[in-house]
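Notes follow once the structure below has been shown.
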Protein chains: 2
Amino acid sequence: MKAALVIIGDEILSGRKLDTNSSLLATRLGEAGIEVARIVAVGDYLEEIVAELSRVVREYEVVVATGGLGPTHDDLTRQALGCITGKQLVLDAPTLGYIEERFRRRGLKAPADIRALAMVPEGCRAIPNPAGTVPGLAMEVGKALLYVLPGVPREVEAIFAGDVLRELHERFGEAPIRTRTLKTVGISESDISTLIADLIPNMGVRLASLPEDTGVTLVLTANAGTEASAQAALDGAAGAIVGRLGQRVYSTTGEDLHTVVGRLLLATGTTIATAESCTGGLVVHLLTEVPGISACLDRGVVSYSNRAKVELVGVAEDLIERHGAVSEEVARSMACGARERAGVDLGIATTGIAGPTGGSAEKPVGLVYLALAHAGGCEVARHVLAGDRALIKRRAAARALDMARCYLLSLS
Amino acid sequence: MKAALVIIGDEILSGRKLDTNSSLLATRLGEAGIEVARIVAVGDYLEEIVAELSRVVREYEVVVATGGLGPTHDDLTRQALGCITGKQLVLDAPTLGYIEERFRRRGLKAPADIRALAMVPEGCRAIPNPAGTVPGLAMEVGKALLYVLPGVPREVEAIFAGDVLRELHERFGEAPIRTRTLKTVGISESDISTLIADLIPNMGVRLASLPEDTGVTLVLTANAGTEASAQAALDGAAGAIVGRLGQRVYSTTGEDLHTVVGRLLLATGTTIATAESCTGGLVVHLLTEVPGISACLDRGVVSYSNRAKVELVGVAEDLIERHGAVSEEVARSMACGARERAGVDLGIATTGIAGPTGGSAEKPVGLVYLALAHAGGCEVARHVLAGDRALIKRRAAARALDMARCYLLSLS
């Protein structure tokens, strides 16, 4: 089952408004087993709307269009529906009543041109809009079941989740397309590709590889005969990939890295404190995104100045003098100091050069030392990370969280 | 001058990834006087990529495509370029050298399949990628100037802002379409609308209002005869809006709030420390996004546990017992303690209930106390913020930074 989306509106083409409807509709349709194969955005020009709609209703089983249903002069979608169906626009009395009722309920005066909102091609059905005034429209045209929804994302979501989804299930059944998201850290896309290349042709699932700022995400899609066979195909493929990539896969359910670390901390009852320099609080910010983390997280410090490193986590002044603030020794001292002062199980520390200035030949921008202090000692990792300041912070924070993750996995 | 965008990648069609490249490219092209008339997203299928690209290069003067240039099996854009031009893919030695050099500089091993990244159709030029490894490609095909960029938004932005924009200006001249972005905090979209409604018809510029998580962004667009008249129209409109909204406008150049606060700290030589509870390090993380901030930021603490509040910023235990950790009194004590211990000019503190649990009738989820300690005393603000945990953190951090901004503005 294939679908196309047609996003109508100058505000999208001009870049003034980010189109979030496509992503929402593609996700929801995918969950319903309907694969979106084409997304087109067109402006508020009648010929272009007509050209695109007439094309996709001939080629796809399902078409969802959004936008251009409002009352203003540049809302042309109704008229375009008339053109592609060859049907007259007629006043739909139930739709008019529905719209009038919505205005009444919200205590608003109906606009003068309210009747324009109730003009629909003959044979077109109105679809209730639980989140707004103007209903959606549905019709059979070409080989497609065509839905037209208002452009407001909240309304698109509400209309789709209601009648549209119910109709699609009735028409096409509930489909066994399922996806699974594997997330990795600390391994490049090309290394992943090398490690799993031979698996791909035989996995029976489709694999998409998405390089993101702090790691590579792999999305597996199974389109099998039944729910059970789809899940089995995904289980097999995910297992085979994890077999090759090992601990570089931190989630097989699409969770964020900090969510995984938070879950492991909570599950093992491990307490933690952080001492950050180059990451500037990002590690503790990410940990505190996790609900309930206050049970495990005692404190974090951002010891930006050398004095703060001395006062907050007890780094010895002469250690900084001898090795520099960005050094293995200072990272270790920060992690141990954070752990001891807070009286917790784990101390995480970061120190490095986030840039854009402050680098040297010996200690370039992107150089970071990350440390993890635990009952058995203290590990330090050195990386030279690429990117601008913000990206170096994010990558360093991810690597630091990953050290905690690997340690916690060995506990559980 | 009309352009089309072709966004290539299953991750967009499946809804797994929100397409932000279209909006970015449409905005930048619009600023260059080139109107995007069509945006199409297609999946990683060779025939579909070829069909769409061959269509748009016949119909538009400029085509920008993104995605599918990576090293994996589903990166098909190079091959598609070969199909639409009828040219052989050949190894481009300068491109190979460029990619190898990028890997060398980052100290990474080049992947085995690196040569695949340097295969381009004859007659195709490589466009340097300041933000990544794989260069963009440019070629003349059909009636179009076609650019193909990697799909990573950061890289799209960097490549476009560099060579692509320069080439477009050389080819088509610079157009007098200009935009200006005003950013606000602490005022609702409807209040803004009420305050400026009468200005809009007479401003001579188009206004778009974009509600975002921590404030409302206003985008002004002037399409005047000359650069000077466009800038004059924007100056007039921005001035009139700022006249109505006053300090609620924190930027007229699109800067982030933390960037504005960082700039004011650096410009006034004001030093600062933070003590955060509910925002969990987000305030100090945002401040440390600003290059050079180490001159002003001494330290930050995330005093999550009560013990940490006592130890790190000297909150009296009985103050917590009497008023609770989420209280005006504790916020004030945290801000003053952060300021005094670090020996800095300003102390910022946050304490509140980010949720999802921990709320009560008296102290609901979303309740936050924000404090700013300075030489003249300590201000405390109380807000009840809407949203989930992540949004409450972001909104609280923005309001806290805004207190510092207002104080710094009175200094400068």
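Every read-out reported here was derived from the displayed coordinates using simple, explicitly stated rules and does not represent laboratory data. If you're wondering where the values come from, they're calculated on a predicted model, not measured in any experiment. Here the Cβ positions follow ideal geometry from the backbone for every residue, glycine too, while neighbour counts run over all protein chains shown.
Computed values, structure above
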item	result
For B:399-407, mean number of other protein chain Cβ atoms within 10 Å	0
Dipole of the stretch A:257-411 [Lys/Arg +1, Asp/Glu -1 at C-beta], most positive-end residue of A:Gly324, A:Gly377, A:Ile348	A:Ile348
Kirkwood Rh and Cα Rg combined as Rg/Rh, the stretch A:2-172	0.93
Compactness relative to 2.2 N^0.38 Å, alpha carbon Rg of the stretch A:215-308	1.47
Chain B - share of DSSP beta bridges that are antiparallel (%, nearest 5)	60
Angle between chain A longest axis and helix A:21-31 axis [Cα atoms, degrees, rounded to 10]	90
Check: the stretch A:32-128 dipole with +1 on Lys, Arg Cβ and -1 on Asp, Glu Cβ, in debye	460
Hz values of 3J(HN,Hα) by residue in the stretch A:34-47 - Karplus curve (6.51, -1.76, 1.60), Gly and Pro given as x	10, 8, 7, 10, 7, 10, 10, 10, 10, x, 7, 10, 4, 4
Cubic angstrom per residue, convex hull over Cα atoms of the stretch A:177-251	73
Loop GluC sites (Glu not before Pro), the stretch B:286-384 (other Cβ atoms within 10 Å of the site Cβ: 12 or fewer; DSSP)	B:Glu362
q = 0.04, 0.06, 0.09, 0.11 Å⁻¹, the protein assembly as shown: log10 I(q)/I(0) [Debye, one scatterer per Cα]	-0.19, -0.43, -1.01, -1.47
For A:Glu11, net neighbour charge (Lys/Arg +1, Asp/Glu -1) across residues whose Cβ lies under 14 Å away	-3
Calculated from backbone phi, Karplus (6.51, -1.76, 1.60) coupling profile of the stretch B:200-216 in Hz, x at Gly/Pro	4, x, 9, 7, x, 9, 8, 10, 10, 10, 10, x, 10, 4, 10, x, 9
Inter-centroid distance (Cα atoms) of the stretch B:42-71 relative to the stretch B:322-348, Å	57
Cα centroid separation - the stretch B:127-189 against the stretch A:175-241, whole Å	32
Nm distances between copies for A:Gly377, ranked from closest, using label points 7 Å along Cα→Cβ	5.7
Debye, to nearest 20: dipole size of the stretch A:177-251, +1 on Lys, Arg Cβ, -1 on Asp, Glu Cβ	140
Sequence ranges B:249-257, B:11-19, ranked by mean other-Cβ count within 10 angstrom, highest first	B:11-19, B:249-257
In order through the stretch B:111-122: 3J(HN,Hα) via Karplus (6.51 cos²θ - 1.76 cosθ + 1.60), integer Hz, x for Gly, Pro	x, 4, 8, 4, 5, 4, 6, 9, 7, 9, x, 3
Mean ellipticity per residue at 222 nm, deg cm²/dmol - from DSSP H runs of n ≥ 4 across chain B, formula -39500 (n - 2.57)	-12000 deg cm²/dmol
At 7 Å out from Cα toward Cβ: B:Asp113 inter-copy label distances (nm, ascending)	5.3
Size of charge dipole - the stretch B:257-411 - debye, nearest 20, with Cβ of Lys, Arg +1 and Asp, Glu -1, no other charges	360
Dipole of the stretch A:257-411, positive direction: furthest Cα of A:Gly358, A:Ser303, A:Thr259, with charges on the beta-carbon	A:Thr259
For chain A: relative contact order, % (alpha-carbon pairs under 8 angstrom, 6 or more apart)	11
DSSP beta bridge pairing in the stretch A:2-172, given as percent antiparallel to the nearest 5	40
Computed over the stretch B:2-172: relative contact order in percent, which uses C-alpha pairs under 8 Å that are six or more apart	24
Antiparallel content of DSSP bridges confined to the protein assembly as shown, in %, to 5	65
Residues whose placed amide H lies under 5 Å from that of A:Leu346, excluding near-sequence neighbours	A:Thr271, A:Ile272, A:Ala273
Interatomic Cα distance distribution for the stretch A:257-411, bins of 5 angstrom, percent	2, 11, 22, 24, 21, 13, 6, 2, 0
Residue-averaged beta-carbon neighbours from other chains (10 angstrom radius) around A:357-370	1
In degrees, nearest ten, helix B:93-105 long axis to first principal axis of chain B (Cα)	20
Within-12-Å neighbourhood charge of A:Ala373 [Cβ basis; K, R +1; D, E -1]	0
For B:Pro211, inter-copy label distances in nm, listed shortest first [label point 7 Å out on the Cα-Cβ vector]	3.8
Ranked list, fewest to most other Cβ atoms within 10 Å of each Cβ, for A:Thr133, A:Thr27	A:Thr27, A:Thr133
Kirkwood hydrodynamic radius over Cα pairs of chain A, then Stokes diffusion coefficient at 20 °C and 1.002 mPa s, in µm²/s	86
Least to most buried among A:Glu276, A:Glu212 (fewest other Cβ within 10 Å first)	A:Glu212, A:Glu276
Partner chain coverage, peptide B:287-296 - average Cβ within 10 angstrom	5
Rounded to 10°, Cα long-axis angle of helix A:328-342 versus longest principal axis of chain A	80
Unit charges at the beta carbon, dipole of the stretch A:177-251: most positive-side option, A:Ala222, A:Ala197, A:Leu207	A:Ala222
